[in-house]
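Here is the structure we will look at.
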Amino acid sequence: MENSSTLLKKWGFMRNSEQKTESDTDIDRVLTLLMSSLNISDSRPIIPMAHGEPSAFSCFSKSQFAADAIAEAVQSAKFNGYSPTGGVLSGRRAVAEYLSQDLPEKLSPDDVFLTMGCKQAAQTILTVLAGTKSNILFPKPGFPYYEVFAQSCHLETRHFDLLPEKDWEIDLDSVVAVADENTVAMVIINPGNPCGNVFTHQHIKKVAETARKLGILVIADEVYDHLAFGKNPFVPMGVFGSITPVITLGSLSKRWAIPGWRLGWLVTHDPNGILKEHGIIECIKGYFHVFSNLPTFIQGALPEILGKSKEGYPSETINTIKEAANSCYKGIIDIPGVTCPSKPEGSIFTMVKLDLSVFEDIEDDLDFCLKLAKEESVLILPGISVGLKNWLRVTFVMDQSSLQEGITRIQDFCRRHSHKA
Ligand SMILES: *Cc1c(COP(=O)(O)O)cnc(C)c1O
């Protein structure tokens, strides 16, 4: 009789050991490793600067009206049936109207597919685009779930660079250099995770033009849409859908601080009908016939939730996040051995570069983070998890006192591990 593990492998549910590539660099594994390094006899609170979980901090929990909208949707008994493919019409319409506010051409509900968070939207489009020889371009540094999703549907991945000295703009020459005739799309994340940058209007127009020249789509992860608090306002990629087709991915998770509700969207911007002509829209629909079965009452609450959010973020929330970003940046630039090439202006993260020559006994970014967790109970993500070795990704969404405490502990740690003069 076959044992269960052979069976699971046969059915493709378990990865073979030889298939495991960079298995210890994905975020969840590294977080587990960091957690296990914590010193349980340290009585100080843990400072969580590794994981962006806005719902954990009271200053971001401003979604009472969203909770009311859910209760109302349930009580109305209008959303008890199965969800239609692609989502409940009123929910799709609400997303179309919400996003159309910032677009030259109005979206229709048919352009919108409701998903289980932004992650399922990403997984869907990668699965749809995977072909025998196709490859896709991801930013470096980037969001590691894309690598996992591409791997799971056997889509080859290639990487283009983001430029720290240019506010993390895309190195468009590197996009052209890695693309070939089998490239299907490039992914951009704006506002940026992990870099905390916001692309200018001019830059994303150039991105669209480059994609057009290469004959590829742009997949725009805008899960942090409108979370911009620096010199550049947020401009959605969909604005340039007439240059090249754009697929926008988003969700309620970050903006409304409700990641556990799992409501996201995949939106097509295809004014020239290119996606339709190539059968991509049909493939997306086909995927949802099989895989989409979202709870309906959450979809039913969308008109109320999005309708009440038209004015953008409450200025109070934006100011809180901006203050947190500024004090994080100010604190970090004073620490010996670390530099922050650009001040965070969007999302909830920033990338910090390690100068290993300053330290006496730090091997690399992972070593830095493991020792920091052990000695100071501060959690920071090593850059290797997002594709950039010897950098760190720092989250600043937390209350000011935890943030200050975290920065002080990092300062102490760096001084202690520096070469003595
Ligand atoms: C958090 C995050 C996601 C996942 O969003 P969900 O709605 O929770 O699935 C996707 N992309 C980026 C860049 C993120 O930071």
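The values are calculated or read from the model by the stated rules, or taken from the named source; none is laboratory data. Since we're looking at a predicted model, the values are computed, not measured. Here the Cβ positions follow ideal geometry from the backbone for every residue, glycine too, while neighbour counts run over all protein chains shown. We work out accessible area using only protein heavy atoms, side chains counted, and drop any ligands, DNA or RNA first. Shrake-Rupley method; radii C 1.70, N 1.55, O 1.52, S 1.80 Å.
Carbon-plus-sulfur accessible fraction, the chain (probe radius 1.4 Å, protein heavy atoms only): 53%. Candidates 280, 300, 385 compared by Cα position along the dipole of the chain: farthest toward the positive end lies 300, with charges placed on Cβ.
Rounded, prolate or oblate: which one fits the range 245-402, using the alpha carbon gyration tensor with axes a ≥ b ≥ c (rounded when a/c is under 1.5, else prolate when a/b beats b/c, else oblate)? Because a/c hits 1.5 or more and a/b exceeds b/c, the range 245-402 counts as prolate.
Note on the range 188-298: Kirkwood hydrodynamic radius from all Cα pairs is 15.2 Å, rounded to one decimal. Pairs of Lys residues in the range 100-233, spaced 8 or more positions apart or belonging to different chains, with C-alpha separations under 26 angstrom: 20 in total.
With n ≥ 4 as the cut-off for DSSP H runs, can you work out [θ] at 222 nm for the chain, using -39500 (n - 2.57) per run divided by the number of residues, rounded to the nearest 500? Rounded to the nearest 500, it is -11500 deg cm²/dmol. Spatially close Lys pairs in the range 241-385, defined by Cα atoms under 18 Å apart and a spacing of eight or more places or different chains, total 10. Where does helix 89-100 land angle-wise versus the long Cα axis of the chain, in degrees 0 to 90, nearest 10? It is inclined by approximately 60 degrees. Gyration tensor over the Cα atoms of the range 327-398: the corresponding equivalent ellipsoid has semi-axes (square roots of 5 times the eigenvalues, largest first) of 18, 13, 12 Å.
Dividing the radius of gyration of the alpha carbons in the range 59-191 by their Kirkwood radius gives 1.05 for Rg/Rh. Placing unit charges on the Cβ atoms only, positive for Lys and Arg and negative for Asp and Glu, gives the range 94-249 a dipole magnitude near 80 debye about its Cα centre.
Sparsely packed loop sites in the range 348-383 (the GluC sites (Glu not before Pro) outside DSSP H, G, I, E and B with at most 13 other Cβ atoms within 10 Å) comprise 360, 363. Please list log₁₀ I(q)/I(0) at q = 0.13, 0.21, 0.26, 0.30 Å⁻¹ for the range 184-228, using the Debye equation with identical point scatterers on the alpha-carbon positions. Rounded to two decimals, the profile gives -0.28, -0.70, -0.95, -1.10.
Note on the range 261-350: Cα Rg divided by 2.2 N^0.38 Å, N the number of residues, gives 1.69. Alpha-carbon geometry of the range 365-410: the Rg and the Dmax are 10.8, 30 Å, given in that order.
Over the C-alpha atoms of the chain, the Rg to Rh ratio, Rh being the Kirkwood estimate, stands at 0.97.
For the range 297-421, what is the charge dipole size about the Cα centre, in debye to the nearest 20, if Lys and Arg each add +1 at the Cβ and Asp and Glu each add -1 at the Cβ? Dipole about the Cα centre, nearest 20: 180 debye.
What you get for the chain, charging only the Cβ of Lys and Arg (+1) and of Asp and Glu (-1), is a dipole of about 540 debye around the Cα centre. Take every pair of alpha-carbon atoms less than 8 Å apart whose residues are at least six positions apart; their mean separation over the length of the chain yields a relative contact order of 24 percent.
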